[in-house]
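Down below is the structure, laid out as structure tokens.
The values are calculated or read from the model by the stated rules, or taken from the named source; none is laboratory data. Source: prediction; values computed, not measured. Please note: Cβ atoms are built from the backbone with ideal geometry, for glycine as well, and neighbour counts cover all protein chains shown. Note: accessible area is taken over every heavy atom of the protein model, side chains too, but ligands, DNA and RNA are not part of it. Shrake-Rupley method; radii C 1.70, N 1.55, O 1.52, S 1.80 Å.
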Amino acid sequence: MRLDHATWGEVEEYLARRRAVFLPVGSTEQHGPMGLIGTDAICAKAVAIGAGDLSETYVAPVLAYTPAAFNMQFAGTVSVSEACFRTLFTEVTQSLQAHGFDRIYVVNGHGANLAPMRLAAEFRPEIRIRSWWDFEPVNILRDQYYGDWEGMHATPSEVAITQALVRCIDPGQAIEPPRALSSDERAARAGDRHGSALRHKAEFPDGRVGSHSALARPEHGRAALKAAVEAVAADLIAFEAE
């Protein structure tokens, strides 16, 4: 159920009985040699639409221009400042709330979105923010398929979802694993804290951050997507009941 495919009258009728809406949020940034630039937006949108269909809940258009400054040395990346994104996120959610959507469920696909969204949603209990990988059934699959090679950026799990939904790209030199990350590096880089664009490109020249993207398979993507959709739909129902 897509908000952008509905008429205002249909939305008005929906709001007479339901107040929930999904808002997918991704990014437009490089995802390594075999990952699509729209990966984060593709994944967030697919999970939101699947959960929306399962729970009969409207899904707002995806927000895809978000902070990705650390990837600006890679062609095709589009980054906006955290302040700009926070303002956009705030005004979009306020618009939805003004019409009566008082359960706004954000399906996130990009780590750098979390801090500005959480700041914007502070003291706003009508907003719930979850990344599609937050749920145990999803993480069981990610660990089963990839273990530590899931890494932190251009992950095989997100690449697998785009393989299932869009297309597969020959890994080329990415058939070789990237440099593995230590536990200290993982902790330091949580939330996409990867430093300046120049430093990031020097450290990770092909765009992968500890993620062995070539392990991705479309069947993995279909399984991960199904698990995420079911988990998000169930969490939305619980959110509505609060």
Q. Is there a residue being on the phi < 0 side of the Ramachandran plot, in contact with a Lys or Arg (Cβ under 6 Å, 6 or more places away or on another chain) and buried (at least 17 other Cβ atoms within 10 Å of the Cβ) anywhere in segment 133-151?
A. yes
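Based on this model, can you work out whether ALA41 counts as touching an Asp or Glu at 6+ places or on another chain (Cβ under 6 Å) and touching a residue at least 60 places away in the same chain (Cβ under 8 Å)?
Values: touching an Asp or Glu at 6+ places or on another chain (Cβ under 6 Å): no; touching a residue at least 60 places away in the same chain (Cβ under 8 Å): yes.
No.
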The number of residues in segment 47-85 that are assigned to a loop (DSSP other than H, G, I, E, B), free of Cβ contacts under 8 Å to residues at least 60 places away in the same chain and either open to solvent by 50 Å² or more (accessible area, probe 1.4 Å) or of a type in the set (Val, Ile, Thr) (or both) is 9
From the option list VAL78, VAL62, VAL138, single residue qualifying as within 26 Å of LEU215 (Cβ to Cβ), modelled with pLDDT of 95 or more and not charged (D, E, K, R) is VAL138
Counting only residues that are surrounded by 11 or more Cβ atoms within 10 Å (Cβ to Cβ) and either under 20 Å from the mean Cα position of the chain (by Cα) or among the small types (Gly, Ala, Ser) (or both), segment 163-189 contains a total of 11
Among residues of segment 138-187 being touching a strand residue (DSSP E or B) at 6+ places or on another chain (Cβ under 8 Å) and among the small types (Gly, Ala, Ser), the residue nearest to ALA48 (Cα to Cα) is ALA154
Within segment 86-118, restricting to residues that are farther than 27 Å from ARG189 by Cβ and free of Cβ contacts under 8 Å to residues at least 24 places away in the same chain, the one that is most open to solvent (accessible area, probe 1.4 Å) is GLU91
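Any idea which residue in segment 190-209 is least open to solvent (accessible area, probe 1.4 Å), counting only those that are more than 19 Å from GLY147 (Cα to Cα) and basic (Lys, Arg)?
This residue is LYS201.
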(Q) One residue is enough: does segment 22-30 have a residue meeting the conditions surrounded by fewer than 16 Cβ atoms within 10 Å (Cβ to Cβ) and either in contact (Cβ under 8 Å) with a residue 12 or more places away in the chain or assigned to a strand (DSSP E or B) (or both)? (A) no
Exactly one of ARG186, ARG199, ARG193 is basic (Lys, Arg) and closer than 21 Å to VAL138 by Cβ, and that one is ARG186
THR155 fails exactly one of (1) open to solvent by 80 Å² or more (accessible area, probe 1.4 Å); (2) within 17 Å of HIS110 (Cβ to Cβ), namely (1)
Worksheet item: Taking the stated definitions as given, is MET34 in contact with a helix residue (DSSP H, G or I) (Cβ under 6 Å, 6 or more places away or on another chain), surrounded by fewer than 19 Cβ atoms within 10 Å (Cβ to Cβ) and farther than 20 Å from ASP235 by Cα?
Response: no
Of THR93, THR77, the only residue that is among the polar types (S, T, N, Q) and farther than 28 Å from ALA216 by Cβ is THR93
